[in-house]
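Here the structure is laid out as structure tokens; the discussion comes afterwards.
Here, each number is a calculation from the coordinates, and none is a lab measurement. The structure displayed is predicted, hence computed values, not measured ones. Cβ coordinates were reconstructed from backbone atoms using ideal geometry, including for glycine residues, and neighbour counts include every protein chain displayed.
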Amino acid sequence: MISIVIPCKNEAENLPILVGEVHAAMAGRDYEVIVVDDGSTDRTADVLAELARSAGRLRHVRHDRSAGQSAAVRSGVFAAKGDIVVTMDGDGQNDPAYLPKLADALVAAGPAIGIAAGQRLKRTDTKLKQMSSRFANGLRERILRDGTRDSGCGLKAVHTSLFRQLPYFDGWHRYLPALVIREGRGVVHVDVVDRSRIHGKSNYGILDRGLRGILDLTGVWWLRRRRKVVPSVQELGQ
């Protein structure tokens, strides 16, 4: 089974469109959709209840207060029943058509690969967000050398067991390729095309993506340096 994890906050208008597109993209596959409501104050809970009744395959996980996008992703990962988790943003900018492509890329790459990471070819964010993202990605690549030009893309496929092993911190979801490499696994990339948001505005701001990311980057660099050898483990005598 594939578990689609969608963190969201105050996306009541976008969710009916997005969830419908997810079901269409995953038709014919064994999958579940887990929407993690990060303390929304709009009609998100009511919308999700109706979508679960009408379409099925939808699970609603709710935070009693907003804890941030990383926390929402993590809650979805630990709720997942599938062997593979594919993440995407809840604002509709990630195209669900890429969900099966990411899952297939991860499986085709074999056990040595731990993550299939989406990389956006065309950005629809504001110029300020694009500039902030380019700066953060460039700095991250120079320091971590994870081979990923766009680690902030919400579209990623990761083996569930591996996902749950990764060290957690706020901002963690933007460093998944580097954290997967730390566990001795590789990364494959899938080019994706971003879309424009239809309703509402971003609930996770530039400060989260930019300035706080400098502190996160330092922490991930330290974590990488503190694990230089990843042995292959096997139990003998069985």
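Counting 0.36 nm for each residue step from Phe78 to His60 and taking away their Cα separation leaves a gain of 5.2 nm. The packing ranking, built from the mean of other Cβ atoms within 10 Å per residue, places the peptides 12-21, 93-102, 186-195 in the order 93-102, 12-21, 186-195, highest first. Set against the 2.2 N^0.38 Å expectation for a compact globular protein, region 1-116 has a Cα radius of gyration ratio of 1.01. Taking the Cβ-Cβ separation of Arg29 and Leu121 as r and a Förster radius of 25 Å, what is the calculated FRET efficiency to the nearest 0.05? Efficiency computed from Cβ-Cβ geometry: 0.50. In this structure the amide hydrogen of Val190, modeled in the peptide plane, comes within under 5 Å of the amide hydrogens of Ala117, Gly118, Gln119, none closer than 5 places in sequence on its chain.
Quick check on packing: order 167-178, 62-73, 147-158 by the mean number of other C-beta atoms within 10 Å, highest mean leading.
147-158, 167-178, 62-73
Here Lys101 is the anchor, and the aspartates and glutamates within straight C-alpha reach of less than 19 Å, apart from those fewer than 8 places off in the same chain, are Glu21, Asp30, Glu32, Asp83, Asp89, Asp150, Asp191, Asp194.
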